[in-house]
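Coordinate-derived values only; no laboratory data. As the structure is a prediction and not an experimental result, all values here were calculated from the model. No Cβ is skipped: glycine too gets one built from the backbone with ideal geometry, and neighbour counts run over all protein chains shown.
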Amino acid sequence: MTTTIDTDVLVVGAGPCGLTASALLARYGVDAITVSRFPSTAHTPRAHITNQRAMEIFRDLGIESEVRAAGISNEQMGENVWATSFAGTELARARSWGTGTDRRSDYDGASPTSMTNIGQHKLEPILRAAAEKRGADIRFNTELVEIRQDDDHVYATVRDRETADTYQIRAKYAFGADGGRSTVVEQIGFHMDGETGLGFAVNVWLEADLTKYRAHRPGALFFTLQPGRDFWLGSGTYVTVEPWNEFVLIVMYDPAVEQIDVSEEAMLARARKTIGDDDVEITIKNISQWQINHVVAKEYRKGRVFIGGDAAHRHPPANGLGSNTSVQDANNIAWKLAMVVSGQADDSLLDSYSQERQPVGRQVVDRAMASVELLGKLTPAFGITAGQDEQQGWETIHEYFGDSPDSERKREAVQAVLDANDYQFNCHGVELGQRYASGGIVSTDPMPPYTRDPELYYHPTSTPGAVLPHAWLQHGDDRVSTLDLVDGNFTVITGIGGDDWLSAASEVAGELGIVIDGRKVGPREEYDDVFGEWKKASEIHDAGVLIVRPDRHVAWRATSMSDDPLGALRSVMASLTGRG
Ligand code: FDA
């Protein structure tokens, strides 16, 4: 007879999405099991750009400093270089990820944390430890082979890959975070929208001491464009894994135009050519292949089953949104599942997951795909075209640096393409600006119009649906962010004259049997608005109020004191928890 284990939530997958879900569910005390068919966490670097929203989630989990220590700082991520090789001619350089003087203050002002460059092989063990420290039950070498659901449960048959034993996990809900070849998506029948196989790539993880070529122009990405072969995006992009002696060389190719030899010998030869210095010793650690997809699920919920991460959205690495969006999906679903399985909220709250995250997935896959096309415009802008032989290619490059009006025009055209690539490398609005409209938000306030380009620039607002704006506050001897005021619970934020909101919140919390934290922010209050930053960012009067969800999105606001704060909060919280 098959053994059956009961749990509240089954998480399928222990990549960035599944591990974040696992850690957050454990933090909320949810009875959950996470399964992964791999023997452990990622064994290669893969995704690496970690943006501020993901870092805020790690801050909330108490692992921000660990992630930062294991990764490469924002300052060292900043210089994208295009060159014929590391030792060869530098063609262009551009500042990225907010490190340029024109963008530094945008990034610094938006969040208490900064971006980090950390490979998945280093990030995932930190997430795993954070989850297991909180008691998460994570089962590696455990493969989901079958999943189905009825009105009351999800039934998963899993196989222990070490013993070949199978058993059943019966859960109230399941979260499919099982990556780009998701069994959950296939067997539960989620509908995917888009195209697959739009391009192919080889990842070559290698060691090579390139300090003398990289330390003076530090950055996460080094693009090589070598004359003498057919170009698509170039000859290879080096992602920094360790400064400056470990990299992933990504080679993109179009199988319709060329076949590529992925043997170690061929990849070593390519690395040697694109490094351009035969004295540099190169050791290949791993070679893997992946493909470019442009796909998003039409819905993220089917009955009792949800999907997130690459299971729900698959796109090229441009903009570095892959693991970031996956981590943020988990942050959205975890608190909702926690409230529903504990009876604090109705199942209807879970509908808001798909309503909120699917549009984000749509935006992310479209942005990443458009960014690949933008990046592809750089090679022809230099005058380099497919089919040029080596001599023609070098002549083109020499011409590019020439003194003719034509050369100057080319240089101007390259600069214009580099500037346009800010939509990939300084795309702060897409990185941070998720605004939700769903049953998980109570609002009649329209979102304020964007005053700058909504993709390039983040527009903080406290309008319900947006992320709580960041402002620095003084709390005793500690400098804290407004985002730090939210510690896993619904949080009411008010200021001078707002005490009635706080007493109303504690009464409503008692009535509903949930925790609502109360915070008073203002000059000389417990959370002291010493710089007046909150006054400027809050968009409410001192005695107004924000209700912030555990994922730090504003759920509701009143810009000033109400005649009936208790009635107002009672009605809003009943609506948010589906217990009206
Ligand atoms: P992820 O794929 O990380 O994890 C899936 C999890 O599901 C794994 O734990 C796996 O064991 C588990 N699983 C799958 N099927 C299962 C089953 N049937 N039963 C149980 N468990 C199951 N991105 C980027 O931005 N830059 C890059 O350079 C790269 N490079 C890259 C290389 C390679 C080889 C891959 C595979 C992927 C990339 N990516 C990437 C994409 C990036 O890695 C991706 O966006 C994130 O890992 C997505 O995280 P998830 O947690 O959603 O899935």
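Key figures for this structure:
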quantity	calculated
Karplus-derived 3J(HN,Hα), 6.51/-1.76/1.60, for each residue of segment 281-293, Hz, glycine and proline x	6, 10, 10, 8, 9, 6, 10, 9, 10, 8, 10, 8, 10
Set of lysines near K172 by C-alpha distance (under 19 Å), chain-local residues within fewer than 8 positions excluded	K302, K336
Table column - 3J(HN,Hα) (Hz), segment 8-23, Karplus curve with 6.51, -1.76, 1.60, x for Gly and Pro	7, 10, 9, 9, 9, x, 10, x, x, 6, x, 5, 5, 4, 4, 5
Full-extension gain in nm, E264 to F531, via 0.36 nm per residue minus C-alpha separation	90.4 nm
Assigned charges on the beta-carbon of Lys, Arg, Asp, Glu; segment 437-576 dipole about Cα centre (debye)	300 debye
Amide H partners (placed H, <5 Å) of I5, local residues excluded	Q168, I169, R170
Where only C-alpha atoms are counted, convex hull volume of segment 82-169 per residue in Å³	266 Å³
Residue (of A47, T3, T20) at the positive-pole extreme of the chain, dipole from beta-carbon charges	T3
Share antiparallel - DSSP beta bridges, segment 437-576, percent rounded to 5	65 percent
Percent RCO, i.e. relative contact order, over segment 437-576, from Cα pairs under 8 Å lying at least 6 residues apart	30 percent
Qualifying trypsin sites (Lys or Arg not before Pro) for segment 73-139 [loop in DSSP, other Cβ within 10 Å: at most 12]	none
Chymotrypsin sites (Phe, Trp or Tyr not before Pro) within segment 483-580, DSSP loop, no more than 15 other Cβ atoms inside 10 Å	F531
In sequence order, calculated HN-Hα J values of segment 393-399 (Karplus, 6.51, -1.76, 1.60; Hz; x Gly/Pro)	x, 5, 4, 4, 5, 4, 4
Long-range HN-HN contacts of E146 with modeled amide H, under 5 Å	T157
Residues whose placed amide H lies under 5 Å from that of H553, excluding near-sequence neighbours	L468
Packing-based order for 471-478, 364-371, 334-341, using average beta carbon neighbours within 10 Å, highest first	334-341, 364-371, 471-478
Taking the chain and dividing mean pair separation by its residue count, relative contact order in percent (alpha carbons under 8 Å, at least six apart)	14 percent
Lysines with Cα under 21 Å of K133, excluding same-chain neighbours fewer than 8 positions away	K122
Unit charges on C-beta of K, R, D, E only; dipole of the chain, Debye	440 debye
DSSP-loop GluC sites (Glu not before Pro) across segment 200-270, with at most 13 other Cβ within 10 angstrom	E258
Among beta bridges that DSSP assigns inside the chain, antiparallel share in %, nearest 5	70 percent
Within the chain, helix-based [θ] at 222 nm, where runs of 4 or more DSSP H residues each add -39,500 (n - 2.57), nearest 500	-9500 deg cm²/dmol
Estimated Rh, segment 401-458: Kirkwood, alpha-carbon pairs, angstrom	14.5 Å
Over the chain, volume per residue of the alpha carbon convex hull, in Å³	157 Å³
